[in-house]
Amino acid sequence: MRKRRIIKSFIAAIIILSMAMALAACGSKTEGGNEGDKAAEGGKPTLVVVNWKDYGSDDSKVIEYFEQKYDCKVVHEYMASEEELLTKLRTGGVGKIDVILPNASILPVAIKEGLLEEVDGSSMENYKYIFDKFTTLPENKQDGKTYAVPWVWGSTAIAYNSELVKEKVDSVNVLWDEKYKGMIAFRDDFNDAVMTAAIALGQDPSNPSDLEAIKKKLIEQKPLNRTYWKTGDEWSKLFANKQIAVGMMWSGQAAAMKQEGEPIEYVVPNEGAIGWVDYWGVVKNAPNKDLAFKFIDYMISKEFQEDWVKKGGPAPVNSEAVKALDEKTIQEMNLSEESLNKLFFISYHGEDVKREWNELWQEVKAQ
C-alpha cells in the first residue's frame, strides 16, 4: 500500500512540475508582442514603431506590404501624447524602440538629450522629393545635423459655410468681422489663439513682439464669438446645425467634411496661417537601425503618401505625391506650394513661454 502511495505521489509531482513549466513558458511571452516573442518569430527582425493609433503607419495593408518586402515583422506601440513619447524614450526606450513620431513640441529636447540617431537624407530614395520648406525647418536640427524626417503636415486656418457666407473670404480678420457676430467659432487653445492674433496684427507668430497687443486683440474678438471650441467633433456639429458660419479649423477635418458633402470651404488667408508637421525619427541605438530608415523611406514615398491623402489622410511632404493629385483636390485641401509658403509652422517653446501664453489666454477667457 505504502509503495503504491509513493508511486501515486511521484506521478502527481511530475504532473504538477509539467504544468508549472508550461505556465512558465507561456509567461515568458510578453503581452502585446514585446521582447519575449519578437526575436523568436522565424528569426525575422522585428521593427518597433511608436505612433498615434490608426495614423497611417499601422494600416494592415501597409504593414503587410513592408513585412513582405523586407522579410520582417512590424510591431506598433501607441502614445497618448508627445510628452508620453518623450518619457518612453527617457525610461528604457533607447536601444529597444526603433522608430518614433515626434513633432516640434519635443524634438529639440529629444535631440539635445541624445535620444535620436542622426539622419542622412542621401541614404533614402525619397528624401529628395520632400518640399524644401520642411527640410529647412529648425526644430529637427542641431549643430548643422538633421535628426528627424518630415512626414505629413497640415494647417489651422479659416473654414466657412458657403451657404451662409457669400463673400470671398481671404483674410484672417474675418474672425473679427462684426457681421458674423455670434456665428464665429474660435479655437480654445492658447498656442493657436496667440499665433492667430499675432498673424492678424502682423507680428511674428512664433516670436510675438507685443503680447499686450495680442491680448487686447483677442479680447476684442471674444464678444463676436459663438464659442471657443475644443474638439473637432464639437466644431462639426455646430457647423452641421448652422450655428456657426465661419471659424478656425484644421485642414484635414475640413477636407473630410467636404468629401462628406458639407458646404464647407477652407482657405489659408493672405496674412498666413498656422502650420504643423509630424516627423519620423530613429531612436538612438535602435536594434534595427537600417530597417528603421527603410521604413521611414517608405512612409515618405510617393506611393504611400498619394494613397493616404486620397483616403483622407494629412497633406503629403512628398512633392511628387502632390503633383500626382488632381488640381481640384490640391486647391480644396490647400496643398499647393503657394499655400504652403504662407504657413507659420509651430515652433518649440520652453516652459516659461508656454506658461506666459497660457496665462494670457486664461485672462482673455475670464474677461
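A few remarks follow.
- Check: the chain dipole with +1 on Lys, Arg Cβ and -1 on Asp, Glu Cβ, in debye: 2000 debye
- Value of D in µm² per second that Stokes-Einstein yields for the stretch 209-266, Kirkwood Rh from Cα pairs, at 37 °C (0.692 mPa s): 254 µm²/s
- The fraction of accessible area contributed by carbon and sulfur in the stretch 277-367 is 44 percent, rounded to a whole number (1.4 Å probe; ligands and nucleic acids excluded).
- Per residue Cα convex hull volume in Å³ - calculated over the stretch 122-250: 149 Å³
- Paramagnetic reach from GLU338 (point 7 Å along Cα→Cβ, amide N under 16 Å) across the stretch 248-267: 266-267
- Put the Cα centre of the stretch 322-367 next to the Cα centre of the stretch 109-154 and the gap is 19 Å.
- Counting DSSP beta bridges with both ends in the chain, the antiparallel % (nearest 5): 60 percent
- In degrees, nearest ten, helix 211-221 long axis to first principal axis of the chain (Cα): 80 degrees
- Solvent-accessible area assigned to carbon and sulfur over the stretch 70-126 amounts to 45 percent, based on a 1.4 Å probe.
- ALA240/GLU363 FRET efficiency (R0 35 Å; Cβ-Cβ; nearest 0.05): 0.60
- Stokes-Einstein translational diffusion, the chain - Kirkwood Rh over all Cα pairs, 1.567 mPa s, 4 °C, in µm²/s: 56 µm²/s
- In the stretch 162-191, the GluC sites (Glu not before Pro) that fall in loop regions by DSSP, at most 13 other Cβ within 10 Å: GLU163, GLU167
- Projected label points at ALA80 and LYS112, each 7 Å from Cα along the beta carbon direction, are separated by 2.6 nanometres.
- Three-way shape call for the stretch 151-216 based on the alpha-carbon gyration tensor, with the a/c threshold at 1.5: oblate
- Taking each of LYS141/LYS302; LYS258/LYS354; LYS166/LYS328; LYS145/LYS342; LYS61/LYS284; LYS166/LYS230 in turn, the alpha-carbon distance tops 22 angstrom for LYS141/LYS302; LYS258/LYS354; LYS145/LYS342; LYS61/LYS284; LYS166/LYS230.
- Average accessible area per residue (Å²) across the chain - probe 1.4 Å, nucleic acids and ligands excluded: 49 Å²
- Cα principal axis extents for the stretch 55-150, largest first, Å: 38, 34, 22
- Compactness of the stretch 49-89 as Cα Rg over 2.2 N^0.38 Å, two decimals: 1.30
The values are calculated or read from the model by the stated rules, or taken from the named source; none is laboratory data. Worth saying up front: this structure is predicted, and the values here are computed from it rather than measured. Backbone-built Cβ (ideal geometry, glycine too); neighbour counts: all protein chains shown. When the accessible area is computed, the model is the full protein with side chains, heavy atoms only, and any ligands, DNA or RNA have been set aside. Shrake-Rupley method; radii C 1.70, N 1.55, O 1.52, S 1.80 Å.
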